Amino acid sequence: MTLTDRDRAVAAAVAQGLVGEAEPVAGLLDVAGIRRSAGELRAAFDEFAAPGTPVLHAFAVKAASLVPVLRLLAQEGLGCEVASPGELRLARAAGVPVARTVLDSPAKTPAELREALALGIAVNADNAEELARLDGLMASAPSAAPIGLRVNPQIGGGSIGAMSTATDTSKFGVALRDEGARDWVVRAFLARPWLTRLHAHVGSQGMPLELMASGVRTLFDLAEEINGRAGRRQIDTLDIGGGLPVNFASDATTPTYREYAALLHKTVPGLFSGRYGLVTEFGRSLLAKHGTVLARVEYAKSAGGRPIAVTHAGAQIATRTVFVPRAWPIRVAAYDAEGRPRTGEPVAQDIAGPCCFAGDLVAEDRPLPLLRAGDHAALLDTGAYYFSTHFAYNSLPRPGIYGYAVAPDGAVRFGTVRSPQTLEELTAESGGAHAEALGGLGTS
């Protein structure tokens, strides 16, 4: 059997005790894979963009809100797209320059906007009320921060409604096809010389590339209209969002960044001409393929004739998969107690998590070599969202996360991305210091 780097990392994680009785679940990140994806993204856009075109690839921090990951991507030339004060703080802790940081969010507070403008961070306003708020802030404290407006091209959704951001009733951006909206957008730009960017993000997983490219085409045509009406190059940058879908059915990376860039070049011929700087906001597609959640099988049992492997990875980690399995299926690989790929005839079985409700299943009726107590189940393609979007059901602590690199001789080195959460930390997070806060309320 030919071992993959992931196989070697799993075996090493078990041998080194990163996963075991004391820590029954952990996340593993392939550092070389992350670097490779970042390089492929840069190369894809560099191939089609005119020489000298400013291109910022701002990683969507929500996809992996982990400081060492943001630092690694910054070393690969990427910036950060942030959507909360917490994400901005993480980007700054990772050393991401403010010039390579973009603030989105449909609910920015005045304090968030003031901080961004003071730092010089690019801001994409979401709606008319936010733009009016920015009017006041710019009047009281003018800023050179790049400021844009997010529009919704309203071109439709994909196969996952919750991931579709360009539907008629999406909560994001100015609904461009609503009555009078397009004219309002043009007038808003003409009245504000400091408004120099346009932003659109059509959607994420489940979106066909053609629909995404159509949204970018709408954005480009609107920029051309505004600049034509202004008689100058007022809009100098287009933020085209991210959302490249991920193939969760196999190890193959499809679609590729190059395929998307080539489609954009064909659909929006002027996009790469150099007339506009470009910003992208890819997240899931950069990380998903390079992560593995490794969970120890605590018990093997059966019910109704079906085997069940009870593991320590369930809804607290794979939240979307557990609650919406048809939209978010993931692959599971079976490993033995030493972390070696388990062999044997596939047996249909359930892979269950530790959460105390019946539907806590990451895979149902899945054919795999039969898992036994002490074995390990690996949840594949989980490098994005699964590691940093923890669901604190049953007060289950957050697992440790480790980056790994495999040497040519097969040796595996690990670096800690996030230490396992201790029960003391979990207790403090759950109000441990305020245990008596409620006892004296409501008494005479």
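The values are calculated or read from the model by the stated rules, or taken from the named source; none is laboratory data. Not measured: the values here are computed from a predicted model. Heads up, the Cβs are rebuilt from the backbone with ideal geometry, glycines too, and the neighbour counts pull from every protein chain shown.
Below is a table of values for the structure above.
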| read-out | value |
| --- | --- |
| Pairs where the first residue, in the range 15-33, is farther than 15 Å from ALA337 by Cβ and part of a strand (DSSP E or B) and the second is among the acidic types (Asp, Glu) and modelled with pLDDT of 95 or more, C-beta under 9 Å, 6+ apart | ASP30/ASP5 |
| Residue list for the range 192-213, filter: part of a strand (DSSP E or B) and more than 20 Å from ARG182 (Cβ to Cβ) | GLY203 |
| Unmet requirement for ARG326, which otherwise passes all of (1) farther than 28 Å from ALA428 by Cα; (2) touching a residue at least 40 places away in the same chain (Cβ under 8 Å); (3) out of contact with any Asp or Glu (no Cβ under 7 Å at 6 or more places or on another chain); (4) not aromatic (Phe, Trp, Tyr) | (2) |
| Selection within the range 46-76 - in a helix (DSSP H, G or I) and closer than 20 Å to ILE401 by Cα | VAL61, LYS62, ALA63, VAL67, PRO68, VAL69, LEU70, ARG71, LEU72, LEU73, ALA74, GLN75 |
| Qualifying positions in the range 202-221 - more than 22 Å from ASN247 (Cβ to Cβ) and either at pLDDT below 90 or of a type in the set (S, T, N, Q) (or both) | THR218 |
| Single residue of GLY374, GLY442, GLY431 found to be farther than 27 Å from LYS289 by Cβ and touching a Lys or Arg at 6+ places or on another chain (Cβ under 8 Å) | GLY374 |
| Pair list, Cβ under 6 Å, 6 or more apart: the range 257-272 residue on the phi > 0 side of the Ramachandran plot and not assigned by TED's automatic domain parsing to the domain that holds LEU211, other residue crowded, with 21+ Cβ neighbours inside 10 Å and assigned to a helix (DSSP H, G or I) | none |
| Residues that are assigned to a strand (DSSP E or B) and farther than 13 Å from LEU294 by Cβ, drawn from the range 377-411 | GLY403, ALA405, VAL406 |
| Hey, GLY148 out of contact with any Asp or Glu (no Cβ under 8 Å at 6 or more places or on another chain), closer than 18 Å to ASP236 by Cβ, of a type in the set (Gly, Ala, Ser) and surrounded by 15 or more Cβ atoms within 10 Å (Cβ to Cβ) or not | no |
| Exclusive hit being surrounded by 18 or more Cβ atoms within 10 Å (Cβ to Cβ), assigned by TED's automatic domain parsing to the domain that holds ARG100 and out of contact with any Ser or Thr (no Cβ under 9 Å at 6 or more places or on another chain), set LEU238, LEU190, LEU198 | LEU238 |
| Subset of the range 269-294 that is in a strand (DSSP E or B) and touching a Leu at 6+ places or on another chain (Cβ under 7 Å) - its residue that is surrounded by the most Cβ atoms within 10 Å (Cβ to Cβ) | LEU294 |
| Residue in the range 241-250 that is touching a helix residue (DSSP H, G or I) at 6+ places or on another chain (Cβ under 8 Å), assigned by TED's automatic domain parsing to the domain that holds ARG187 and of a type in the set (Ser, Thr, Tyr) present | no |
| Pairs with Cβ under 9 Å, 6+ apart, first in the range 334-349 and within 14 Å of ALA378 (Cα to Cα), second aromatic (Phe, Trp, Tyr) | PRO341/TYR335; ARG342/TYR335 |
